Structure formats: C-alpha cells, structure tokens
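Notes to accompany the following structure.
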Amino acid sequence: MNSGYYFRRRLRNRFFLSLSVVATAFGLSWLALILGTLLYEGFSSIDLGLFIQSTPPPGSMGGLLNAILGSLMMSSFAVLIGTPLGIFAGTYLAEYGRHTKLATVVRFVNDILLSAPSIVLGLFIYDVMVLTMGHFSAWAGGVALAVIVIPVVVRTTENMLLLIPNTLREAAVALGAPRSHVIQQVTWRAARAGIVTGVLLAIARISGETAPLLFTALNNQFFSLNPNAPMASLPVAIFQMAMSPYADWHRLAWSGALLITLAVLVLSITARVLEARTDRS
Amino acid sequence: MVDLALSHDVTSPSSARLRSSYRNDRLFHRLTLGCAVVVVAMFVGIIWSLTAGAWPAIRAFGLPFLWTEAWNPVTEKFGALAPIYGTLVTSAIAMLFAVPIGIGIAIFLTELCPRPLRRPIGIAVELLAGIPSIIYGIWGLFVLAPVLQQSVMPRVIGTFAGIPVLSSLFAGPPYGIGIFTAGLILAIMTLPFISAITRDVFEAVPPVLKEAAYGLGATTWEVLWNVVLPYTRAGVVGGVMLALGRALGETMAVTFVIGNAHRIATSLLAPGTTISAAIANEFTEAIGDLYGPALIELGLILFLVTVVVLAVAQLMLHRLELRAGERP
C-alpha cells in the first residue's frame, strides 16, 4: 500500500529509540567516569595512617581520624534526635490523622523540607543554636543534620505504615486493644523493616552533607570529642583540603571522598535489600 | 458477657487498669500529634529566623536589593543580582542537559532495555542519585575543570569567535571553572534524579493503554509520544521541577567550581557565583552589621524560591497520582 509512509514511521521510531540508547550510554559513562576516578584516586592514597592520625598541617603526614569520628558522632546525634521524632510524626500521618487538614499540611511541608536547600537549614540552626550558645559546636552540627533526617524518616515511615493492610488493624481493634497498642504491637512490628530502611536512607543522606555543618560544627584541625566545641567532619574536611593548594591535602581529600561514597553505597544497598525483603513478605 | 461488662465499676482493679490504658492511649496520640506539629514548626521557624536574621539588610537595602549588582563588604553596599543570576543560569544549563538525557534514560529503561539488564541499570541510576554532592564537586574541580580549561574551552572560544551573539556568550579566557562548569556538574548530578522519577512515572502508565495503542499498529515511539508522555506529562514536569529545586539550592557541587566572583559576565565561561556558593564561601568571614544579614537575606530568597518550585512539583506529581487512582 503506502509503503513510503510506513517506512518513514519505522525510520522515525528507529531514530528516536537510538537517541535514547545514546542518552543512556552518554549519561551512564559520565557517572562511571566519576566513580572510576574516585576509586582510582581514593584507593591509591588509603593506608592505615588515614584511620589513626588526625588531619595534618600542610606538608606533613596525617590522616582523617578526627574527621571520621566527628562525622560518626554528629550523625549518631542526628539519628538519635531525628529518628523518634520522624517515626512518631510519620505514625500520626498514617494512623491518626490520615485525612485531617493538619496531616495534609504536614505532608506538604515535609515533602518540601525533604528537598529544601541544606545550606539554608545550616543558616537556620546557626541562628537558633550557634548565636544563642555563643559558639560553634558539635551539638549544633548534630541538630542541623537532624533537621535533614526528620523529613526522610517521616516520609518512609508513613509510606511503610500505609502498606500494612487495614485488616490487621481491624483484627487487633476487634480484640479490644487500644489504638496505641495496635500501633505499637501490630503495625510498627509489621512495618519494622521498612522503617529501618528509612533510617538507613537518612543516614546515607546526612553522611555526605557539608553545607549545614559549615556554620554549625565549623571544623577542627585537632582531635576533639568535646560536643560543646567545634568539631571536624569528613565532608567539611574534604571541602577545606580540596580547596587548599597543597598536593598532600588533595590526596587526603580524595581518600575522604572515597570513604564517604563507600559508606553511602553500603547504606543504600542494605536499605534496598531490606526493602526488597519487606515487599516479598 | 453483659454481666462482665456491667461488673466494671469504677473501683474495681481491672477498671483502673483500663483507665490507665486509656490515659496511655491518649498520651501516645498526643505524642505523635506533637511530633507532626514539630515538622510544621521547623518550616515556620526557618522562614521566621531567616527573616529576623536578614532584617537589618532588608531595612537597609529594601526591594532594590534584588536588582543591585554591587557586592562590596568594605563600603557595606550589597545587592543580590549577581548570585541570583548565577543560580538561575547554572540551573538552566543543568536542566538543558539533564532533562533530555534523563528522560532518554527513562525511555531506555522502560521500553528498550533487555529484561535482565533492567534492574541492575535501574538500581545503578538510583544509587548514583544518592551520591553526596561534595563528590561531584571534588571531581569537577580536579578532573573536569582542567580538561575543560585545556582542551574544550579554547576550542569552543575559537569556534564561536566570529559569530555575533555566541562569541560574547563563549568569550575567553578559559578559566576552567565558572558558570558553565557549575551548570555541567549540576547536570551530571541531577541526571540520575530525573531518570529515576521519570522511570517510576512511566511505569505507572496502565499497560492496557499502551497495549491498545500497540494493537492499533503504533510503533514504540508513537506509543511513547502519543500515549505515555501525554498520560504522564504532569508527573514528568513534577520530576523536572523537583530536580530544579535541588539544582537551585545545591551548594557543594557548585561552590567548588563556580569561582566565587560577584559580577555578571556576559560570557558563560567566566567565573560567577550562586546564592548558595556565596553563603558557603563568605558566611563565616562576614563581619560588620550588614554583611551577615545580606547573606542571610540571600538564603531567605533562595528558600522562598525553592519552596515555590517544590510546591509546584508536588502539585504536579499529586495530580498524576489522583489520575492513576481514577483509572484502575
């Protein structure tokens, strides 16, 4: 019949689909390039000293011990504040206030906070904590990170609780269990793996956050575990070292970047495995 | 049973237990409610504290702050035009590259990719979306910028030298760092983000719709263009807005490669600054009565703009969800 028309359609189909293949190859090769450089540069400068020495003055040997410990401390602090708060708020959204006006507002605001610029959150905590306390501190850094943890945990907790079939709740209520009992003993338990996934994703998210720490925890050239004083963290140490003109600092920055990336990848892969397990059960 | 229920008078021990259980129940309810309110309080607190912190600058400069280019800490004359310009232009460059490529990847993943590869590539894209921005920043500074400076930029400058508009957009000297490099890094960073959301949105299209179109003899591209894209338009736009929100507020990836120069150059290859980079670079060194407040006002502007962009993104994504609910 009209073979020219069909030919044109097939040609156009072929053309656009090949474009999408090219786009994929192009996009993925950039990302592969970044990861490749990171692994190459990072592994070539990782040694034991990295984990047992503190950040050096330029020109001498050193490691990232103070930054690693600082990151661990402030992240744990953020998780300790953010997780319970986020889980309770997410529980309210999914269990008590499912269709209330307040829940709609909380959901909307929460999703905005989820992608809000982290540097602004840093300014907020600077104003609330650093100015009132009169000095930079690891406490302030931890709270700034907690502000990032909360929305992530709220979102995943709500999503996971909504996946629990209502028949489970109804069965428990029919046995005469009070609402809080139903939530704690039935729905939380059923959604446990999902909620843990949310917490892991939140940790992954904050382990590379730099901007909110710049004016809260600041940085510390020396080994310090005092939460009331400025504290080093991996991302801020990387920022400072990468922007410096010293080659040995650059090498430390690369290995710090590799450490963060590995931590993030391990956390997100664990979260993914947990999530897959909940989906199946 | 009736007897049992009636025998619960106020003094019996089991009733006391019941009462305390009710009290706990109410307490738990209030606790969760309180935590939900904290989320809203955080949001209000951010706007309130930024406005309060920026107040001296707002009073001193007024609305012209938004279109003044001067940024002079010595004479305490501040204007937001250069950082606003940098933020908008870097994000625009990022979207220009990331949107078509990101959607292309989503198309590849949903329509073309052989089944065994679909999950691994999909997971790889999602993992990449989680890599912290500082990694992109350090890579941009040490790897991308030198390559751009030595081989790409001189060639681009040479190519466009004689053409009227383009010659000033791509004018030298090649610094390696600058607005264009920052936009490129942002593009690479937001790429997995856009692909992941677009792919999810594409997968939400009811198979019946696609099968009907295939049944009429449509090619894969025609199904995509005439069925999938119209059905998911709101979701795709929502995903792009979400990525734009991220790009506008992104700090570390940009701060490394922007050059931190408070001026508006016609050339895209020249150093500039963005709102977030200006805050990150200068806030701890801001002394004086107006320097700090001016930076906080920049933060306030950034926050308000991203809130609008993210709100639109949410409304778009929500609309798609509603439609998906209507048609089972």
Does the range A:102-116 contain any residue that is open to solvent by 10 Å² or more (accessible area, probe 1.4 Å), within 30 Å of residue B:314 (Cα to Cα), in contact (Cβ under 8 Å) with a residue 40 or more places away in the chain and among the aliphatic types (A, V, I, L, M)? yes
Out of curiosity, is residue A:233 crowded, with 21+ Cβ neighbours inside 10 Å and either out of contact with any Phe, Trp or Tyr (no Cβ under 7 Å at 6 or more places or on another chain) or away from chain B (no Cβ under 13 Å) (or both)? yes
Please report, ordered by residue number, the helices (runs of 4 or more DSSP H) entirely within the range B:223-295 with at least 2 residues that are away from chain A (no Cβ under 14 Å) and within 16 Å of the chain's Cα centre (by Cα). B:229-249
Given (1) modelled with pLDDT of 85 or more; (2) part of a helix (DSSP H, G or I); (3) open to solvent by 30 Å² or more (accessible area, probe 1.4 Å); (4) out of contact with any His (no Cβ under 9 Å at 6 or more places or on another chain), residue B:177 misses just (2)
Out of (1) touching a Gly at 6+ places or on another chain (Cβ under 9 Å); (2) open to solvent by less than 10 Å² (accessible area, probe 1.4 Å); (3) away from chain A (no Cβ under 14 Å), the odd one out for residue B:68 is which? (2)
So which residues in the range B:119-142 are facing another protein chain (nearest Cβ under 8 Å), of a type in the set (Gly, Ala, Ser) and open to solvent by less than 30 Å² (accessible area, probe 1.4 Å)? B:133, B:137
Against the condition assigned to a loop (DSSP other than H, G, I, E, B), away from every other protein chain (no Cβ under 12 Å) and closer than 21 Å to residue A:38 by Cα, how does residue B:172 come out, does it pass? no
Sort out which residues of the range A:1-23 are of a type outside the set (A, V, I, L, M, F, W, C) and either within 11 Å of chain B (Cβ to nearest Cβ) or open to solvent by less than 80 Å² (accessible area, probe 1.4 Å) (or both), and write them in order of number. A:4, A:6, A:8, A:9, A:10, A:12, A:13, A:14, A:18, A:20
Test each condition in (1) over 29 Å from residue A:93 (Cβ atoms); (2) open to solvent by less than 50 Å² (accessible area, probe 1.4 Å) for residue A:226 and report the one that comes out false. (2)
Would you check if there is a residue in the range A:85-94 being closer than 24 Å to residue B:303 by Cα and open to solvent by 30 Å² or more (accessible area, probe 1.4 Å)? yes
The helices (runs of 4 or more DSSP H) lying wholly within the range B:71-157 that contain at least 3 residues that are more than 27 Å from residue A:206 (Cβ to Cβ) and either touching a residue at least 12 places away in the same chain (Cβ under 8 Å) or in contact with a helix residue (DSSP H, G or I) (Cβ under 6 Å, 6 or more places away or on another chain) (or both) are B:81-107
Just to verify a result, which residue in the range B:184-222, among those that are open to solvent by 10 Å² or more (accessible area, probe 1.4 Å) and not in a helix (DSSP H, G or I), is nearest to the other protein chains (Cβ to nearest Cβ)? B:219
Residue within the range A:126-133 that is free of Cβ contacts under 8 Å to residues at least 40 places away in the same chain and touching a Ser or Thr at 6+ places or on another chain (Cβ under 8 Å) present: yes
The listed residue being open to solvent by 60 Å² or more (accessible area, probe 1.4 Å) and either within 14 Å of chain B (Cβ to nearest Cβ) or in contact with a His (Cβ under 6 Å, 6 or more places away or on another chain) (or both), out of A:43, A:26, A:51: A:26
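Quick one: would you say residue B:296 is touching a residue at least 24 places away in the same chain (Cβ under 8 Å), within 23 Å of residue B:179 (Cβ to Cβ) and among the aliphatic types (A, V, I, L, M)?
Taking the combined requirement at face value, the residue does not satisfy it.
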I'm told residue A:247 meets every condition in (1) of a type outside the set (Ser, Thr, Tyr); (2) within 27 Å of residue A:124 (Cβ to Cβ); (3) over 21 Å from the mean Cα position of the chain (by Cα) except one. Can you identify the failing condition by its number? (2)
Criterion violated by residue A:150 - all others in (1) without any contact (Cβ under 8 Å) to a residue 12 or more places away in the chain; (2) within 9 Å of another protein chain (Cβ to nearest Cβ); (3) under 25 Å from residue B:239 (Cα atoms) satisfied: (1)
Is one or more of the residues making up the range B:75-83 at pLDDT 90 or above, in contact with a His (Cβ under 8 Å, 6 or more places away or on another chain) and within 14 Å of chain A (Cβ to nearest Cβ)? yes
Say whether the condition of being part of a helix (DSSP H, G or I), modelled with pLDDT under 90 and open to solvent by 20 Å² or more (accessible area, probe 1.4 Å) is met by at least one residue in the range B:306-313. no
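The values are calculated or read from the model by the stated rules, or taken from the named source; none is laboratory data. The structure presented is a predicted model; accordingly, all values stated were derived computationally and were not measured. Using ideal geometry, Cβ is built from the backbone for each residue, glycine included, and neighbour counts are taken over all protein chains shown. Note: areas computed on protein heavy atoms with side chains; ligands, DNA, RNA excluded. Shrake-Rupley method; radii C 1.70, N 1.55, O 1.52, S 1.80 Å.
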